[in-house]
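The next block holds one structure in the form of structure tokens; read it before the comments.
Please treat every number below as a calculation from the coordinates, not as lab data. In this text, all values refer to a predicted model and were calculated from it rather than measured experimentally. Ideal geometry is used to build each Cβ from the backbone, glycine not excepted, and the neighbour counts take in all protein chains shown.
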Amino acid sequence: MILAGDIGGTNTRLALFDDELVKQQEENYRNEGRAGLVEIVQEFLRSEAAGETIRQAAFGVAGPVKQGRAVMTNLPWQLDERELARDLGIPKVALINDLVAHAEGIELLRPEQLIVIHHGEVEFEGNRAVIAAGTGLGEAGIVWDESDRRYRAFASEGGHCDFAPRDERQIELMKWLRGKYPNASWERVLSGPGLRNIYDFMISPGQLGPSAALPDRDPDPEEISQAALHNRNHACALALDWFIAFYGAEAANLALKILATGGVFLSGGIAPRIAARLTSPIFLEAFFATGPDNIRAVLRKMPIHIVHFDQTGLCGAALHARRL
């Protein structure tokens, strides 16, 4: 059996898969109050895997992974592959970045788990790009390995690259962000907190002003997006339109850097919830507005999909584990 895990800042999702990557058991756990990952995995194995022999395990973690070690971004956990293998009694254990797990899982998706934004002309064995707006902004790439005849995912911290405004009003947003944070990165505008930043800018003096704000003076990103989707608030609607345009612009930036002729995939928790807006012209107009005409022609050939499956990272971790 194969053990796979998706380890976030708030929750840990664990599952058992057979050798054909068919899921057998799954359980979710809250991380709060836990000493570490070993405690959670041992509880899962006692209750869900009694009597099973587990030879491989992989965990996608929300944080950078280097030389088999990971420090969680939003948890005081430090993880080590060798220590996990020893403490759990599993011969082969791997830690991978959570976006790498998402990228690995792209290979397993079925057509019904994808929403088409742009059909394009898929190039078999072409590079693929994954961009995932959620609590933060994750980016990863997938390249074809000719020697093994399969795709391999690699990590990136591209979400922390500098935000690139395209017009005067977006330059005003960048200046506003630089007054609030040490830097103005793409994650500051393309994430859940990023949507809140755009909204706060919209209701600031000199923009729509405080009178345009929601009744709730401290709205969360879900409240802002729902108000926009149901046309209940003009500031929210504008903020979401900007968010979608930024999604298109940065997806194009990533696609060009990786030369993603095999496709661009929008993953993470936000994209499926705003799929109706992402499939509107706003996203594609921003995506295709990148570069000179010959580069825009390259972008127009790239297929673009929304990943409409909340277990991509978990399945990707299972696939990675099977290859150990």
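Using modelled backbone amide H atoms (1.01 Å from N, in-plane), which distant-in-sequence or interchain residues come within less than 5 Å of Tyr151's amide H?
Under 5 Å from the amide H of Tyr151: Asp145.
Could you give each residue of the stretch 68-75 its phi-based ³J(HN,Hα) in whole Hz, using Karplus coefficients 6.51, -1.76, 1.60 with θ = phi - 60°, and x for Gly or Pro?
So the Karplus estimates, Gly and Pro as x, are x, 10, 9, 10, 5, 5, 10, 9 Hz.
Provide the net charge surrounding Leu324, with neighbours chosen by a C-beta distance below 15 Å and charges set as Lys +1, Arg +1, Asp -1, Glu -1.
+3
Counting other beta carbons within 10 Å of each Cβ, put His305, His230 in order, fewest first.
Arranged by neighbour count, lowest to highest, His305, His230 become His230, His305.
Given the -39500 (n - 2.57) contribution per DSSP H run of 4+ residues, what per-residue ellipticity at 222 nm results for the chain, rounded to the nearest 500 deg cm²/dmol?
-11000 deg cm²/dmol
Remind me, relative contact order of the chain in percent, using alpha carbon pairs under 8 angstrom and six or more residues apart?
Relative CO of the chain lands at 23 percent.
Springs between alpha-carbon pairs under 10 angstrom, Gaussian network model over the chain: which of Gly51, Gly209, Gly33 fluctuates most?
The residue with the greatest mean-square fluctuation here is Gly33.
Quick one: of the DSSP bridges fully inside the stretch 110-308, what percent are antiparallel, nearest 5?
Percent antiparallel among DSSP bridges in the stretch 110-308 is about 70.
Using the Karplus curve 6.51 cos²θ - 1.76 cosθ + 1.60 with θ = phi - 60°, what ³J(HN,Hα) values do you get for each residue of the stretch 211-224, in whole Hz, with x for Gly and Pro?
5, 8, 6, 5, x, 6, 7, 9, x, 8, x, 5, 5, 5
Compute the distance from the alpha-carbon center of the stretch 110-188 to that of the stretch 213-262, in whole Å.
With the stretch 110-188 and the stretch 213-262 each reduced to a Cα centre, they are spaced 14 Å.
Using a 10 Å cut-off on Cβ atoms, rank the peptides 143-150, 54-61, 39-46 from the highest mean neighbour count down.
54-61, 39-46, 143-150
Just to confirm the filter: which GluC sites (Glu not before Pro) across the stretch 5-34 are DSSP coil and have at most 16 other Cβ within 10 angstrom of their Cβ?
When the GluC sites (Glu not before Pro) of the stretch 5-34 are filtered for loop state and at most 16 Cβ neighbours within 10 Å, Glu20, Glu32 remain.
Kindly provide the pair-distance distribution of the stretch 114-229 built from C-alpha pairs, with 5 Å bins from 0 and whole-percent values in order of increasing distance.
2, 10, 15, 17, 17, 13, 10, 7, 5, 3, 1, 0, 0
Tell me which residues come under 5 Å, amide H to amide H, from Asn31 once H is placed; ignore anything under 5 positions away on its chain.
Asn11, Thr12
Would you list Cys315, Cys161, Cys236 from fewest to most Cβ contacts within 10 Å?
Cys161, Cys315, Cys236
For the chain, with a Gaussian network of springs between Cα atoms less than 10 Å apart, report the residue from Asn231, Asn11, Asn294 with the top mean-square fluctuation.
Asn294
What order do you get for Arg34, Arg128 when you list them from fewest to most C-beta neighbours inside 10 Å?
Starting with the residue having the fewest Cβ neighbours, the order is Arg34, Arg128.
So which lysines can Lys301 reach, going by Cα to Cα under 20 Å and dropping same-chain residues fewer than 8 places off?
List returned: Lys257.
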